[in-house]
1. Would you call E18 out of contact with any helix residue (DSSP H, G or I) (no Cβ under 9 Å at 6 or more places or on another chain), modelled with pLDDT of 90 or more and open to solvent by 100 Å² or more (accessible area, probe 1.4 Å)?
2. Scanning the range 4-15 for residues that are in a helix (DSSP H, G or I), modelled with pLDDT under 95 and β-branched (V, I, T), which turns out least open to solvent (accessible area, probe 1.4 Å)?
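The values are calculated or read from the model by the stated rules, or taken from the named source; none is laboratory data. Just so you know, these numbers come straight off a predicted model, no measurement behind them. Cβ sites come from the backbone with ideal geometry, for glycine too, and all protein chains shown count toward neighbours. Ligands, DNA and RNA are excluded from the accessible area calculation, which covers all protein heavy atoms including side chains. Shrake-Rupley method; radii C 1.70, N 1.55, O 1.52, S 1.80 Å.
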Amino acid sequence: MEEDKTTKTIEEIMEELESIIEKMEDRESTLEESFAGFEAGMKLVKECSRRIDKVEKQILVLSEEGMEEYES
């Protein structure tokens, strides 16, 4: 699970989050396992959020550039 996060896509991060959630929902998990899953999941959520913010900023820049070209 400690693979280099920069090589994962947003979709891969989401899949990993889904897997963690499934494991946490398993009634056989210990409290320690659930806590470790929660911690790993929160790190993935933070990384995913960072990446989505980056994509949104890129879209805004491209949109602004497109509008400038259109207005010229």
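1. Working: out of contact with any helix residue (DSSP H, G or I) (no Cβ under 9 Å at 6 or more places or on another chain): yes; modelled with pLDDT of 90 or more: yes; open to solvent by 100 Å² or more (accessible area, probe 1.4 Å): yes.
Spelling it out, E18 is indeed out of contact with any helix residue (DSSP H, G or I) (no Cβ under 9 Å at 6 or more places or on another chain), modelled with pLDDT of 90 or more and open to solvent by 100 Å² or more (accessible area, probe 1.4 Å).
2. I10
Here's the yes/no breakdown for (1) open to solvent by 80 Å² or more (accessible area, probe 1.4 Å); (2) at pLDDT 90 or above; (3) of a type in the set (S, T, Y):
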{"position": "E2", "(1), (2), (3)": "yes, no, no"}
{"position": "L31", "(1), (2), (3)": "yes, yes, no"}
{"position": "G41", "(1), (2), (3)": "no, yes, no"}
{"position": "R50", "(1), (2), (3)": "yes, yes, no"}
{"position": "L60", "(1), (2), (3)": "yes, yes, no"}
